[in-house]
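A.B. asks: Here it is, the structure, as structure tokens.
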Amino acid sequence: MNEIDIKEWIKLATHDSDTANLLVKENGHADIIIYHLHQATEKLLKALILKNGGSLEKIHFLDKLLSKNIGKYKELNDVKDHILELNLYLPKLRYPSGDSIAFEEAQDLQQKFQKIKTTILSILQNK
């Protein structure tokens with residue numbers, strides 16, 4: 001486990017989280033808010049993989065990243081549904097789908113992300 005790499009992933013996740021929070025305050029675009037929440041979750045899950053001595057793949061699927069961690073960190077079961085819900089937005093965020101995302105959806109996911117973030121940071125801070 002490389003402590004510096006883990007801290008860097010957490011720092012980058014915080015940047016995405018902070019950006020999402022700013023966009024919510026400014027009534028920003030829902031898809032971009034959710035994109036940053038997805039990115040932050042991805043980076044936190046990758047930090048967990050590193051904490052456990054694993055190696056990283058260049059993937060963006062939260063379900064796959066979650067599956068690499070959930071057996072080692074049972075606390076993730078508490079936020080599993082939130083992570084999987086956020087993962088469902090990935091195709092809409094990356095490719096035009098014709099579906100619009102309501103601002104209220106972004107607000108709801110922001111609240112769920114706070115639980116994800118709290119849970120994962122708690123795991124990362126426990127040695």
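The values are calculated or read from the model by the stated rules, or taken from the named source; none is laboratory data. Small disclaimer: the values here were computed from a predicted structure and weren't measured. Methodologically, a virtual Cβ is constructed for each residue, glycine included, from the backbone with ideal geometry; neighbour enumeration extends over all protein chains shown.
A.B. asks: Tell me which of these E57 doesn't satisfy, since it passes every other one: (1) among the acidic types (D, E); (2) closer than 29 Å to K25 by Cβ; (3) not in a helix (DSSP H, G or I).
C.D. replies: (2)
A.B. asks: So if I check each of K72, K80, which one is touching a Leu at 6+ places or on another chain (Cβ under 9 Å), at pLDDT 95 or above and either more than 21 Å from L23 (Cα to Cα) or exposed (fewer than 11 other Cβ atoms within 10 Å of the Cβ) (or both)?
C.D. replies: Of the residues listed, the single one that is touching a Leu at 6+ places or on another chain (Cβ under 9 Å), at pLDDT 95 or above and either more than 21 Å from L23 (Cα to Cα) or exposed (fewer than 11 other Cβ atoms within 10 Å of the Cβ) (or both) is K80.
A.B. asks: Restricting to segment 24-44, name every residue that is in contact (Cβ under 8 Å) with a residue 24 or more places away in the chain and either of a type in the set (A, V, I, L, M) or touching a Pro at 6+ places or on another chain (Cβ under 8 Å) (or both).
C.D. replies: V24, A30, I33, I34, L37, A40, L44
A.B. asks: I'd like the full set of residues that are assigned to a helix (DSSP H, G or I), more than 28 Å from E3 (Cβ to Cβ) and of a type outside the set (D, E, K, R), limited to segment 88-127.
C.D. replies: Result: L90, P91, L93, F103, A106, Q107, L109, Q110, Q111.
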